[in-house]
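Let me begin by presenting the structure, written as C-alpha cells, before commenting on it.
The values are calculated or read from the model by the stated rules, or taken from the named source; none is laboratory data. Every value quoted in this text rests on a predicted model; they were computed, and no experiment measured them. No Cβ is skipped: glycine too gets one built from the backbone with ideal geometry, and neighbour counts run over all protein chains shown.
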Amino acid sequence: MRITRLPAILVALALTVACSGGPRETSEPVTVGFSAWPGWFPWQVAEEAGIFDQLGVGVELRWFEGYLDSINAFAAGQLDANAQTLNDTLSSIAAGAEEVIVLVNDNSTGNDQIIAREGINTIEDLEGARIGLEVGVVDHFLLLLGLQSVGLSPDDVEIVSLETGAAAAQFATGTDDLDAVAVFAPFTTQALERPGSKTLFSSADFPGSIPDHLVVSADLVERNPETVQRLVNAWFATLDYIEEHPGEAIAIMAERAGVSVEDYRGYDAGTTIFSLEDNLRAFEPDDDLTSLSFAAEMVADFLVDSGLVETRPEIDGVLDPRFVQDLARRQEAP
C-alpha cells in the first residue's frame, strides 16, 4: 500500500479553525458505508483514532459484509456516502441514482483477481468454464475485460451468481464444480487455499481500470458541501495518521478485514492508495485510464456494450474535484 505522508494537512486544518476563532461545531450527522477492500479499511482507522471527532464531522460508519449490499443501501437512500468503484457507481447512476465522486481512495493494482483451478492456465482455457462471482460488481467487469482481451464473450463462459465471500469459500473447498472465481482481497487469500489454484489474471494486467472512491449523494453535496469537505479532509488526515502509526493502523485494518497482520501486509502492492497529488491528477482530463473522465466514458460504454445496463449513464456531474482542490489550496496557503 503506497501511503504518501501529508503532514501539512493537519496544520492547514488547524490554522483554518484558529482563524475562525475556535473549534467549529460538529457537522450534521452523516452515514458512511464501507465494505471489505484494502483501500477502504482506513475508514476504520479514522473512526478508532478519533479523526472524525477531531475534524468536526459527525460520522456513523456502517460496515457491510457484502459489497453489493452497501451499493444497494446507498442507491436506496439509506446512506449519505459509500465506498465503491467507478463502474459500480456508474451502474447505479444508469439505474437512476444521483451520486457524486468526490475522492479517489485508491487504484486496484492486483488485489482484484480471476483465480482458476488446476488445469486452467490461460484466459482462453476459461471457454466453457463455470465462474463464481458477484454479478454486476467490479470483478465481473474485470472478468469481461479479460475475456474481451482474447476474443471471448460473456456467452463463452457460465456465470454462477454468488456473493464474493461465498464464491471464495465455495471455490476453496474444491468440492463443487466451480472452475474459477472473480474475487477481491481479502477474499483472494481464501480462494487461493484451494490446492493447485492460481491467479490467472488481475487488475494489474488492466492498469487504471478499477479506481475506488468515496461517493456522496448529490443531495448532500448540494445541501451541505462543508460536511463533504470535512469527510475528504478526514480521509487525508487518516493517511497521515497511518504513516505516523503504522503498527497500530495495520492492526486495526487487519482486524476489520478478518485476516492476520502478515496477510494484510501482503495486500500492499495490490492496492495503490492515492495521495492528494494523485487525486488532483486523476481529476484532470487526459486520454488514458489514469484520467477519471476518460475512464468513466470507457466504463459507461463497456457497461452498455456488455449488457450490464440498459441505459448509458450520464457522466456530466459525476466527478466533483472541488473538495480535493480546496484542501490542496489550504496546504499551499502561507
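Is it the case that some residue within segment 195-208 is assigned to a helix (DSSP H, G or I), within 20 Å of the chain's Cα centre (by Cα) and not charged (D, E, K, R)?
Taking every residue of segment 195-208 in turn, at least one turns out to be assigned to a helix (DSSP H, G or I), within 20 Å of the chain's Cα centre (by Cα) and not charged (D, E, K, R).
Suppose the filter is assigned by TED's automatic domain parsing to the domain that holds T238, touching a Phe, Trp or Tyr at 6+ places or on another chain (Cβ under 7 Å) and either surrounded by fewer than 18 Cβ atoms within 10 Å (Cβ to Cβ) or farther than 28 Å from P246 by Cα (or both); does D263 pass it?
Here the answer is no, as D263 does not meet what is asked.
Name the helices (runs of 4 or more DSSP H) wholly within segment 210-323 that hold at least 3 residues that are more than 26 Å from V137 (Cβ to Cβ)?
225-244, 246-257, 276-282
If the Cβ limit is 6 Å and pairs must be 6+ apart or interchain, which residue in segment 216-231 that is under 12 Å from D80 (Cα atoms) and in contact (Cβ under 8 Å) with a residue 60 or more places away in the chain pairs with which residue that is surrounded by fewer than 20 Cβ atoms within 10 Å (Cβ to Cβ) and small (G, A, S)?
Final answer for the pair search is T227/S27.
Given (1) touching a residue at least 40 places away in the same chain (Cβ under 8 Å); (2) of a type in the set (K, R); (3) surrounded by fewer than 15 Cβ atoms within 10 Å (Cβ to Cβ), identify the lone condition not met by R256.
Only one criterion in (1) touching a residue at least 40 places away in the same chain (Cβ under 8 Å); (2) of a type in the set (K, R); (3) surrounded by fewer than 15 Cβ atoms within 10 Å (Cβ to Cβ) is unmet by R256, namely (3).
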